[in-house]
Amino acid sequence: MEESVNPTLNIGPISFDLTLLAMSLVTVLVVFAFVYWASRKMTLRPKGKQNALEMIYDFVISFTKGNIGEHYMKNYSLFLFSLFMFILVANNIGLMAKVQTTNSYNLWTSPTANLGYDLSLSFMITLIAHIEGVRRRGFKEYLKAFVTPGFMTPMNLLEEVTNFASLAIRIYGNIFAGEVLAGLLLTLSQQAFYWYPVAFIGNMLWTAFSIFISCIQAYVFTMLSSMYIGKKINGEEE
């Protein structure tokens, strides 16, 4: 199987991955379109599309409220809902199609199948957690948590690094593996006509399993993000 690469645009020392940028935009548009469509003409007694939207929102609130806390939940509920929807779509969008040019440029992929992209998402969550921790508790009180007790300071700092790395690597490993195997099954179907039924059935089964795993990873990513943010804003109160 010939290795594909994403087209890039270089502006000075900075290189932009055009496929990841495009897929991020598509993901945002899909999430926005769904929320916009489902939230039109809302009623007191939800039904149909409104019911689906509210069920997803309530689901996100149900598994993150315990981490954020009742007092702060209303401040972070929309952010966590948006995060969950974005990760959910970003994880699955690469399974829907495979678009590749004749010169092996990959034009369609899940953004979260890229380690650099996942590290950026993880860095964003880490940054938000620290900024909100300082904003809610004050700079002095926030720093005090890292040095109390003093002998735990190295472990506290190491924990920040491991949290950042594990949040990214966990989602990357699952989504990247799903796309790689799907690509191998597609290649198998092109080898000979008698392999096509095997590859087709295998691809359907693997796609269904990958969608399940992608949904679980969206849940885990949002859950862990709420835990990290909740720990910073609540401190010893959590």
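The values are calculated or read from the model by the stated rules, or taken from the named source; none is laboratory data. As the structure is a computational prediction, the values presented were derived from the model and not from experiment. Every residue, glycine as well, gets a Cβ built from its backbone with ideal geometry; the counts of neighbours run over all protein chains shown. Note: areas computed on protein heavy atoms with side chains; ligands, DNA, RNA excluded. Shrake-Rupley method; radii C 1.70, N 1.55, O 1.52, S 1.80 Å.
List of remarks:
- On the basis of the beta-carbon distance and an R0 of 22 Å, Phe200 and Met96 show a calculated FRET efficiency of 0.85.
- Fraction of accessible area attributable to carbon and sulfur, segment 97-198 (%, probe 1.4 Å): 71
- Per-residue SASA remark: Glu141, around 90 Å² accessible (1.4 Å probe; ligands, DNA and RNA not included).
- Each residue, Leu143 and Leu18, gets one label point 7 Å from its Cα in the Cβ direction; the gap between the two is 4.7 nm.
- Size of charge dipole - the chain - debye, nearest 20, with Cβ of Lys, Arg +1 and Asp, Glu -1, no other charges: 840
- For the chain: relative contact order, % (alpha-carbon pairs under 8 angstrom, 6 or more apart): 27
- Computed over the Cα atoms of the chain, the ratio of the radius of gyration to the Kirkwood radius (Rg/Rh) comes to 1.04.
- Residues Glu159 and Trp37, FRET efficiency given R0 of 45 Å [Cβ-Cβ distance, rounded to 0.05]: 0.60
- Compared with the alpha-carbon gap, the fully stretched path from Ala208 to Met152 is longer by 15.7 nm at 0.36 nm per residue.
- Once each of the trypsin sites (Lys or Arg not before Pro) sitting in a DSSP loop with at most 14 other beta-carbon atoms within 10 Å is removed, the chain keeps 48-238 as its longest stretch.
- Look at the Cα gyration tensor of segment 43-114: its axes a ≥ b ≥ c give a/c of at least 1.5 with a/b at or below b/c, and that counts as oblate.
- Tensor-based shape of segment 1-137 (alpha-carbon gyration tensor, a/c under 1.5 rounded, otherwise prolate or oblate): oblate
- Remark: the Ile11-Ala192 segment gains 60.8 nm on full extension, using 0.36 nm per residue and subtracting the alpha carbon distance.
- A 1.4 Å probe, protein heavy atoms only, puts the accessible area of Met223 near 40 Å².
- Overall shape: oblate for segment 22-82, with the ratio a/c of the largest to smallest alpha carbon gyration tensor axis at 1.5 or above and b/c at least equal to a/b.
- Ignoring lysines fewer than eight residues from Lys49 along the same chain, the ones with Cα atoms less than 20 angstrom from its Cα are Lys41.
- Charge context of Ile128, other residues only, Cβ under 13 angstrom, K/R +1, D/E -1: +3
- Label positions at Leu119 and Ile61, each projected 7 Å from the Cα along the C-beta direction, are separated by 3.8 nm.
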